[in-house]
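I have placed the structure first, in the form of structure tokens, so that the comments after it can refer back to it.
The values are calculated or read from the model by the stated rules, or taken from the named source; none is laboratory data. Note that the coordinates shown come from a computational prediction; the quantities given were computed from them, not determined experimentally. FYI the Cβ positions are ideal-geometry reconstructions off the backbone, even for glycines, and counts take in every protein chain you see. Protein only, heavy atoms only, side chains kept; ligands, DNA and RNA dropped before computing areas. Shrake-Rupley method; radii C 1.70, N 1.55, O 1.52, S 1.80 Å.
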Amino acid sequence: VKNEGGVALEGIMVQLVSGKTHIRTTVFSNADGHYEFPRLEPGSYTLRIARPREFQPYLRENIEVRDREQLDDIVLKRVTLLELLPPAKEIMAQMTGTEWLMSLSGTAEEKRLLTLNCNFCHSYQQIFRNRYDEAGWTNIVRRMTHGAGSPLILMRPVGRFNDAMEAKLVHWLATVRGPQSEDPSFMTLPRPQGRATHVVITEYELPRLEMATHDVSGDAQGNIWYSTHRSSYVGRLDPKTGKVTEFHVPDVDKGALPGTHWIHVDKNGIVWGSENWAHNIWRLDPKTNQFSRVHWNVPEPINAPMGGNYSLDPGGFIWRMRGGNVSKVNATTGEVVENHPTKKFQSTYGSAMSDDGRYFGGGAWPRDGVVVYDTKTGDMWEPDASPGAGPARGEFDPFGNYWAGGRGGLLVEFDMEKKRLVEYRIPTPHTALYTAHPDKNGEVWAGESHSGQYVRFNPKMQQWTEYMLPEPYGFDRESWIDNSTTPVTVWYTDHDGWITRIEPTE
């Protein structure tokens, strides 16, 4: 890959799209401009540049790929010689949420109001593609910040923040995305270099629109299971063929919304899921395709979230943190077996269990923090996180430490030896992490919800690697790491309806 002057271009995303399966495979050009695809199924492909941004689009159809196919050089022409990119529609469509916020006018305080309160459920694209006056933005912001959960059916009297802060956010939105406001010239994040180009990214588009895919989990056969947040289907992806098999979750009670939030494949291959709006936990046996379900009695009304996420311990019990208790629950009956009261926090959003019997809950309420409970000793820790850190979901690393994705743009570690929180800020601004997952080597992986990147962090070396993703408005939800490969393979589900595989080559 080179420019018109023959200069090699590094960090360009070269993509082949299969005409048979529509699977998208993306690789990166190195410092010499060279790129190489892994072995692909022979057939007809479309060759394109994903997110050309500062360059004009490049696309060639009906490329026949055989064994060790040599492809022609790709010559790219810049859109402009200026540093900032013009706000043409085709360029705006490639901008990530981070790049929008870098480019829009406004104070750090105004932008922080958005990133702290509007980054949980969707990408910034759903905000910035609209234009409203102050009255219109007032209605939108009030609905979004007072709605109980993403269906926005039940309205709470108290929103995410106070009336004065709501008014300040509304005024800023009406200023930068009002009926008469001008589109900005765009600043862009730098293209990847070095280690960040040593990766293959494969995308599998799922068969339905508006699925609101939420969680992902792998089974022993190499299949990837995913949940849909607002419909009665869960799915299984066969990565070898791209085939998706859907399973219809039995209808919920009348008046309740369908939709699965948490999903997990246990050691026996049973698939578990939580129905956040209908307040159920279901199980699916893939061998028989049979579902079973238990209703949980929770204080929240139907169609308000029943809680956050759950975790299975080695004995098959579910753990959660709700109502001021860390609770052990019989998975098949929904009955609480044990309650362990907390002193500071009332609930958490994330839940995880270590192999040696430690519970972790991230996203503590009513203020930022975490809850850690040792089932063997009975010890409980409830450290505060920094204001706005927002540690939510995560997992334990091989050394017994817990890692959580921070919605405020941090990776958060609970150091089990020192019994304290350690916070690491991501290099890229205006982004958020929904979850974090350590691999077998102790490196931590997390999707950046608004920057179009996926981050890899080496705690020993304090090394950050940010992989650029082909889709600018990718909104990474849950991840699952396949530790059986070397290097590890990372899977994540995107809220907008596809599953992505990240395969680092080192």
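Observations on the structure shown:
- Residue in segment 86-104 that is surrounded by 12 or more Cβ atoms within 10 Å (Cβ to Cβ) and in contact with an Asp or Glu (Cβ under 6 Å, 6 or more places away or on another chain) present: yes
- So VAL337, is it aliphatic (A, V, I, L, M), assigned to a strand (DSSP E or B) and open to solvent by 10 Å² or more (accessible area, probe 1.4 Å): yes
- Residues in segment 195-212 that are open to solvent by 30 Å² or more (accessible area, probe 1.4 Å) and closer than 26 Å to ALA8 by Cβ: 2 in all.
- Scanning segment 3-20 for residues being open to solvent by 30 Å² or more (accessible area, probe 1.4 Å), touching a Ser or Thr at 6+ places or on another chain (Cβ under 9 Å), closer than 26 Å to GLU99 by Cα and not hydrophobic (A, V, I, L, M, F, W, C) gives a total of 1.
- Filter pass, ASP215 being open to solvent by less than 30 Å² (accessible area, probe 1.4 Å), within 19 Å of the chain's Cα centre (by Cα) and among the charged types (D, E, K, R): yes
- Scan of segment 21-74 for residues that are part of a loop (DSSP other than H, G, I, E, B), among the hydrophobic types (A, V, I, L, M, F, W, C) and either surrounded by fewer than 18 Cβ atoms within 10 Å (Cβ to Cβ) or without any contact (Cβ under 8 Å) to a residue 24 or more places away in the chain (or both), ordered by number: ALA31, PHE37, LEU40, LEU71
- Scanning segment 125-142 for residues that are basic (Lys, Arg) and either within 26 Å of ALA93 (Cα to Cα) or open to solvent by less than 20 Å² (accessible area, probe 1.4 Å) (or both) gives ARG129, ARG131.
- Residues in segment 77-97 that are hydroxyl-bearing (Ser, Thr, Tyr) and closer than 22 Å to HIS430 by Cβ: THR96 alone.
- Filter pass, TRP464 being within 19 Å of VAL216 (Cβ to Cβ) and either assigned to a strand (DSSP E or B) or without any contact (Cβ under 8 Å) to a residue 12 or more places away in the chain (or both): no
- Subset of segment 409-428 [closer than 18 Å to HIS450 by Cα, open to solvent by 40 Å² or more (accessible area, probe 1.4 Å) and either in a strand (DSSP E or B) or of a type in the set (Asp, Glu) (or both)]: ARG425
- Checking segment 300-307 against the condition returns no match, with no residue being under 27 Å from the mean Cα position of the chain (by Cα), on the phi > 0 side of the Ramachandran plot, modelled with pLDDT under 95 and surrounded by fewer than 15 Cβ atoms within 10 Å (Cβ to Cβ).
- One residue stands out among those in segment 429-440 that are hydrophobic (A, V, I, L, M, F, W, C) and part of a loop (DSSP other than H, G, I, E, B): the one that is modelled with the lowest pLDDT, which is ALA432.
- Residue within segment 97-109 that is within 21 Å of the chain's Cα centre (by Cα) and assigned to a loop (DSSP other than H, G, I, E, B) present: no
- Filtered residue count, segment 5-20, keeping only those that are of a type outside the set (D, E, K, R), in a loop (DSSP other than H, G, I, E, B) and out of contact with any helix residue (DSSP H, G or I) (no Cβ under 8 Å at 6 or more places or on another chain): 6
- Within segment 378-421, the set of residues being among the basic types (Lys, Arg) and on the phi < 0 side of the Ramachandran plot comprises ARG393, ARG407, LYS418, ARG420.
- Of all residues in segment 376-400, those that are in a loop (DSSP other than H, G, I, E, B) and either in contact (Cβ under 8 Å) with a residue 24 or more places away in the chain or touching a helix residue (DSSP H, G or I) at 6+ places or on another chain (Cβ under 8 Å) (or both) total 12.
- Some residue of segment 280-290 being open to solvent by less than 60 Å² (accessible area, probe 1.4 Å) and without any contact (Cβ under 8 Å) to a residue 24 or more places away in the chain: yes
- Residue check for GLY474: modelled with pLDDT under 95 and either polar (S, T, N, Q) or crowded, with 24+ Cβ neighbours inside 10 Å (or both): yes
- Within segment 114-124, the presence of a residue that is open to solvent by 20 Å² or more (accessible area, probe 1.4 Å) and without any contact (Cβ under 8 Å) to a residue 24 or more places away in the chain is excluded.
- Segment 146-204 - residue that is polar (S, T, N, Q) and within 30 Å of LYS243 (Cβ to Cβ) and, of those, modelled with the highest pLDDT: THR202
- Restricting segment 222-275 to residues that are open to solvent by 10 Å² or more (accessible area, probe 1.4 Å) and among the small types (Gly, Ala, Ser), the residue that is farthest from TRP296 (Cα to Cα): GLY242
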